[in-house]
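Below is a structure I'd like to ask you about.
The values are calculated or read from the model by the stated rules, or taken from the named source; none is laboratory data. Here the structure is a predicted model, which means the values were calculated and not measured. Here the Cβ positions follow ideal geometry from the backbone for every residue, glycine too, while neighbour counts run over all protein chains shown.
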Amino acid sequence: MSHSFFKHQDFLKDIIVPLHPKQYTVVVIYLNGYKKEYPCIEQPWQYMEKIKTNPKVKKCYIKS
């Protein structure tokens, strides 16, 4: 039994789990032409949906 346990353990050592979720920068362009970058956003699509409800926002996108 211990032999199969070690095989399973060797399989698990190849799995890498990041400690921090991936973060994105969201760029927001306002109606007056002002452009601002918001860094360290973990859920950019949800963030952009919320920003789009502001009537002063012309457009927003994820910076690549």
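When you scan the range 36-53, how many residues do you find that are hydroxyl-bearing (Ser, Thr, Tyr), closer than 17 Å to SER64 by Cβ and not in a helix (DSSP H, G or I)?
1
Moving to a separate point now. Taking the residues in the range 7-36 that are farther than 30 Å from THR53 by Cα and among the charged types (D, E, K, R) as candidates, determine which candidate is modelled with the lowest pLDDT.
Step by step, filter the range 7-36, then rank; the result is LYS7.
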